[in-house]
């Protein structure tokens with residue numbers, strides 16, 4: 001009998017969700033939002049835009065109202081999330097400097113540190129990293145596929161454009177399993193949509209069968225971190241008299257991210273995989 005466990009919470013700048021599909025080895029999807037304001041979900045009281053799909057995870061699962069991150073800035077807090085340790089214990093206490101962008105840089109998540117992906121993989125899980133990495137650029141040392149992930153689709157660096165990039169450093173250009181993509185040739189490109197497309201593709205291809213292995217998916221959105229790029233139709237959905245244009249664009253980015261969480265939940269339904277709140 002399939003069962004579901006669901007844990008959802010907001011950690012200041014993060015949104016994290018665990019979804020499960022069986023009692024012994026549940027599937028797990030960890031969704032991370034980048035620079036999301038604590039009060040910028042409707043379940044948290046936001047009145048300017050709605051986030052019904054993210055809200056549904058809170059309402060149907062378990063909601064934690066107090067949570068803490070291991071650091072106040074991006075890269076070391078991600079290191080803490082994936083290792084379960086404070087960065088001060090392994091020399092990761094600040095965001096990565098420009099020197100880390102060099103191909104031979106040794107600045108990044110200490111290769112000796114095990115990640116949650118290492119542990120899940122050793123337990124028989126298929127492991128996926130999708131989206132923002134920001135834990136080191138040297139592909140020989142810090143690439144997600146060197147840190148326990150079977151597959152990686154995303155960017156090694158931090159923030160980047162939500163539209164196609166023709167040129168740029170290799171830390172910002174999208175790649176799949178080490179192969180860089182020619183973004184200008186990709187149709188209907190909006191980064192948050194694209195990351196969700198890949199998550200759905202992996203689930204449909206590998207996990208829509210009863211004999212499929214359990215999976216751990218780290219879906220690390222860049223949204224709603226700057227730059228402020230949103231589709232006009234999403235900006236138009238921001239409610240009320242919001243005069244600050246940056247706020248309107250930001251709202252459109254959050255709305256789009258919520259839509260994409262909804263697409264992911266629908267994929268679970270379509271593949272007959274339990275969604276948050278289900279019971280066997």
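Would you work out the relative contact order for the chain, in percent, from Cα pairs under 8 angstrom that are 6 or more residues apart?
Working: 573 pairs, mean separation 62.9, N = 280.
22 percent.
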Rg and Dmax [Cα atoms of the range 6-270; Å; Rg one decimal, Dmax integer] = 17.8, 53
query = Can you tell which of 158, 91, 136 shows the greatest fluctuation in a Gaussian network model of the chain with Cα springs below 10 Å?
reply = 91
inquiry  = Compute the orientation-averaged projected area for the range 17-100 from the convex hull of its Cα atoms and round it to one decimal in nm².
reply    = 7.8 nm²
note = Pseudo-spin-label distance residue 242 to residue 193, built 7 Å along Cα→Cβ, given in nm, is 1.9 nm
query = GNM on the chain, C-alpha springs below 10 Å: top fluctuator among 46, 74, 129?
reply = 46
request  = Provide the descending list of Cα extents for the range 47-168 along its principal axes, expressed in whole angstroms.
outcome  = 46, 38, 30
ask   = Between 153, 142, 64, which gets the highest mean-square fluctuation from a Gaussian network model of the chain, Cα cutoff 10 Å?
value = 64
key: Computed helical MRE - 222 nm, the chain, DSSP H runs ≥ 4 contributing -39500 (n - 2.57), nearest 500   = -8000 deg cm²/dmol
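Every read-out reported here was derived from the displayed coordinates using simple, explicitly stated rules and does not represent laboratory data. What you see is a predicted model; the values in this text were computed from it and never measured. Every residue, glycine as well, gets a Cβ built from its backbone with ideal geometry; the counts of neighbours run over all protein chains shown.
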